[in-house]
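Here's the structure we're looking at; comments come further down.
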Amino acid sequence: MGEKYKFDYYYGSQADQFSFFRLPKLLIRDKRFKDVSSDAKILYGILLDRMSLSMKNRWMDDENRVYIIFKISEIMEEFDCSERKAVEMLAELDTNSGVGLIEKKRQGLGKPNLIYVKNFVVSEVVAEEKNNSEITQ
């Protein structure tokens, strides 16, 4: 297991000293995501966090959709993993090969892909509305 460390307790206001990645509870509890690895779920939380930076930089396409740029090399560094593992995690989240939580758009000419982080809560509501409208017709 390697070295053991002795960590101290949190005292008073120290508990507020860190920034955190947000991981939606639905990602853990919803059966749609049961086959998504924990690493890919954490990556989704990191991608969500990057969205705030994209908003500040006004990285939006012509349809006003926010995108992020997060290279494979950055994922490798963040997770201390191989290129293969980074690509696999992204693939688990991707619209084409995975659960559909992100969509990649190629820019070409050696430029990094744009990544659109999907809002799975909104798509769920739209799907329910569509089903309800089909029932009432």
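The values are calculated or read from the model by the stated rules, or taken from the named source; none is laboratory data. Note that the coordinates shown come from a computational prediction; the quantities given were computed from them, not determined experimentally. Note: ideal-geometry Cβ built from the backbone for every residue, glycine included; neighbour counts use all protein chains shown. All accessible areas refer to the heavy atoms of the entire protein, side chains included, with ligands and DNA or RNA removed. Shrake-Rupley method; radii C 1.70, N 1.55, O 1.52, S 1.80 Å.
Summary of values
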{"read-out": "Computed [θ] at 222 nm, deg cm²/dmol, the chain (DSSP H ≥ 4; -39,500 (n - 2.57); rounded to nearest 500)", "value": "-14000 deg cm²/dmol"}
{"read-out": "Accessible carbon and sulfur surface of the chain relative to its total accessible area, %, 1.4 Å", "value": "51"}
{"read-out": "J(HN,Hα) series, segment 89-106, from Karplus relation 6.51 cos²θ - 1.76 cosθ + 1.60, nearest Hz, glycine and proline x", "value": "4, 4, 4, 4, 8, 5, 5, 6, 10, x, 7, x, 7, 9, 9, 9, 10, 6"}
{"read-out": "Calculated from backbone phi, Karplus (6.51, -1.76, 1.60) coupling profile of segment 40-49 in Hz, x at Gly/Pro", "value": "5, 5, 5, 4, 4, x, 5, 5, 4, 4"}
{"read-out": "Solvent-accessible heavy-atom area per residue, rounded to whole Å², over the chain at 1.4 Å", "value": "78"}
{"read-out": "Residue order for Leu53, Leu27 - accessible surface, 1.4 angstrom probe, largest first", "value": "Leu53, Leu27"}
{"read-out": "Point-charge dipole on Cβ atoms (K/R +1, D/E -1) for the chain, about Cα centre, debye to 20", "value": "60"}
{"read-out": "Cα pair distances in segment 1-78, grouped into 10 Å bins until the bin that holds the longest one, percent each", "value": "14, 29, 36, 17, 4, 0"}
{"read-out": "Unsatisfied cross-links (Cα-Cα over 29 Å) in the set Lys34/Lys111; Lys4/Lys31; Lys56/Lys104", "value": "Lys34/Lys111; Lys4/Lys31"}
{"read-out": "Pairs of Cα atoms farther than 21 Å apart, the chain, %", "value": "54"}
{"read-out": "With all protein chains modelled, accessible area of Asp62 [1.4 Å, Å²]", "value": "150"}
{"read-out": "Kirkwood hydrodynamic radius of segment 61-119, from inverse mean 1/r over distinct Cα pairs, in Å", "value": "12.0"}
{"read-out": "For the chain: relative contact order, % (alpha-carbon pairs under 8 angstrom, 6 or more apart)", "value": "18"}
